[in-house]
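Let me give you the structure first, and then I'll get to my questions.
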Amino acid sequence: MPRPPNHSRPHPSRAVSLSESVVSMRRPILAANWKMNLGRPEDALDFVRRIRYALNEIETVDRIVCPPFTAMAAVAEALAATSIAVGAQNMHFEDKGAHTGEISAAMLAGLCRFVILGHSERRADGGALETDAAINRKVRAALAHGLTPIVCVGENLVQMEKGETQAFVSGQVAGALDGLAPEQASRCVIAYEPLWAIGTGKAATPADANRVITLSIRAPISDRFGETVAQAVRVQYGGSVTADNIAPFMAMPEIDGALVGGASLKPDYVDLVRNAAEAAGSR
Ligand code: PGA
């Protein structure tokens with residue numbers, strides 16, 4: 001079951017405008033994308049046992065760990081008594097059938113609560129299973145099985161340099177959410193991950209990421225589903241996020257968290273999440 005949004009209370013000493021109170025309802029969300037690492041259950045458990053107590057204490061943000069499929073059951077069991085959720089890194093849009101090597105939302109539903117969809121590393125070599133239309137089918141399947149999709153979008157370097165970011169990213173967003181009911185759209189998480197920032201050590205600037213999220217993610221969602229949905233959807237930034245650079249991203253009004261690759265594989269990932277929670281708390 002998806003967790004209800006956190007209705008954090010406004011500060012009692014001042015009046016809060018509608019838009020401020022909506023922002024305060026977007027509970028921050030930090031997701032660890034392990035990619036094709038720590039896939040042996042014993043390695044995953046060794047790592048998760050080192051971070052879980054400290055990570056569990058950072059209760060003001062949603063914390064998701066996304067291991068490879070082979071380690072999901074072990075990680076889910078190790079985190080069962082914590083408030084840390086498990087996510088998958090991909091799934092097929094069909095429930096079952098002749099799809100050798102694929103995993104469905106129906107199979108994941110008992111194991112995890114989140115699923116990353118349309119990551120650029122998959123879009124790059126996923127062919128027909130990673131088009132915007134296929135990702136839309138995956139989003140629908142995930143929602144139908146009670147999973148929260150984390151839909152990845154982002155432009156590549158050439159598109160960024162040509163000034164095509166807004167058209168491209170808003171097209172990816174519209175494609176992924178096409179035909180959903182507003183309530184379904186509001187349950188999705190979007191991860192804005194410029195391709196040139198992933199694994200390069202060259203993160204976007206927080207201000208640039210905030211601007212892309214405003215113009216290319218919240219604006220098209222508002223056009224299709226209305227402003228209330230656009231303000232309810234949680235949007236992460238991803239791409240070379242570290243414990244040292246996370247705070248200014250979280251201070252941005254439109255950035256609600258991060259999807260973290262490389263830095264999520266180190267024990268000091270806990271510091272990253274703690275820094276994120278502190279920065280989000282003061283915005
Ligand atoms: P990175 O990866 O943090 O290693 O740049 C992010 C991602 O691909 O989700």
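The values are calculated or read from the model by the stated rules, or taken from the named source; none is laboratory data. These numbers were taken from a predicted model, which means no experiment stands behind them. Note that we place each Cβ from the backbone using ideal geometry, even for glycine, and neighbour counts take in every protein chain shown.
Read through the list (1) of a type outside the set (D, E, K, R); (2) surrounded by 24 or more Cβ atoms within 10 Å (Cβ to Cβ); (3) touching a Cys at 6+ places or on another chain (Cβ under 9 Å), then give the number of the only condition that VAL241 fails.
(3)
Okay, moving on. Residues of the range 85-111 being buried (at least 23 other Cβ atoms within 10 Å of the Cβ) and farther than 27 Å from ALA174 by Cβ, which ones?
Hit for the range 85-111 is VAL86, nothing else.
Right, next: Any chance you could count how many residues in the range 29-80 are within 17 Å of the chain's Cα centre (by Cα) and over 20 Å from LEU117 (Cβ atoms)?
Adding up the residues that qualify gives 2.
Could you tell me which numbered condition ILE198 fails, if it satisfies all but one of (1) touching a Leu at 6+ places or on another chain (Cβ under 9 Å); (2) touching a residue at least 40 places away in the same chain (Cβ under 8 Å); (3) within 14 Å of the ligand (Cβ to nearest atom); (4) at negative phi?
Unmet for ILE198, out of (1) touching a Leu at 6+ places or on another chain (Cβ under 9 Å); (2) touching a residue at least 40 places away in the same chain (Cβ under 8 Å); (3) within 14 Å of the ligand (Cβ to nearest atom); (4) at negative phi: (1).
In the range 153-169, what count of residues is obtained for those that are touching a helix residue (DSSP H, G or I) at 6+ places or on another chain (Cβ under 6 Å) and within 16 Å of the ligand (Cβ to nearest atom)?
Of the residues in the range 153-169, 6 are touching a helix residue (DSSP H, G or I) at 6+ places or on another chain (Cβ under 6 Å) and within 16 Å of the ligand (Cβ to nearest atom).
Output the residue which, of all residues in the range 124-136 that are modelled with pLDDT of 95 or more and within 16 Å of the ligand (Cβ to nearest atom), is farthest from ALA191 (Cα to Cα).
Top of the filtered list is GLU130.
Are any of the residues in the range 8-27 within 29 Å of GLY199 (Cα to Cα), modelled with pLDDT of 95 or more and within 16 Å of the ligand (Cβ to nearest atom)?
Within the range 8-27 (the criterion being within 29 Å of GLY199 (Cα to Cα), modelled with pLDDT of 95 or more and within 16 Å of the ligand (Cβ to nearest atom)), the answer is no, since none of the residues qualifies.
Would it be correct to say that GLU42 is among the acidic types (Asp, Glu) and closer than 30 Å to ARG283 by Cβ? Lay out the reasoning, then the answer.
On the way: among the acidic types (Asp, Glu): yes; closer than 30 Å to ARG283 by Cβ: no.
Here the answer is no, as GLU42 does not meet what is asked.
With assigned to a helix (DSSP H, G or I), more than 29 Å from ALA197 (Cβ to Cβ) and in contact with a helix residue (DSSP H, G or I) (Cβ under 9 Å, 6 or more places away or on another chain) as the only criterion, which of ALA134, ALA128, ALA106 stands out? Reasoning before the result, please.
Details: ALA134 fails: more than 29 Å from ALA197 (Cβ to Cβ); ALA128 fails: more than 29 Å from ALA197 (Cβ to Cβ).
The unique qualifying residue is ALA106.
Separate question: Within the range 201-219, which residues are in contact with a Phe, Trp or Tyr (Cβ under 9 Å, 6 or more places away or on another chain) and either near the ligand (Cβ under 10 Å from one of its atoms) or in a loop (DSSP other than H, G, I, E, B) (or both)? Talk me through it step by step, then tell me what you get.
Let us first name the residues in the range 201-219 that are in contact with a Phe, Trp or Tyr (Cβ under 9 Å, 6 or more places away or on another chain), namely 202-204, 206, 209-210, 212-213, 216-217.
Listed by number, the residues that qualify are LYS202, ALA203, ALA204.
Tell me which of these THR60 doesn't satisfy, since it passes every other one: (1) assigned to a loop (DSSP other than H, G, I, E, B); (2) crowded, with 20+ Cβ neighbours inside 10 Å; (3) of a type in the set (Val, Ile, Thr).
(2)
May I pose another question? Would the range 193-207 turn up any residue that is surrounded by fewer than 23 Cβ atoms within 10 Å (Cβ to Cβ) and within 18 Å of ASP132 (Cα to Cα)?
Yes, that holds for at least one residue.
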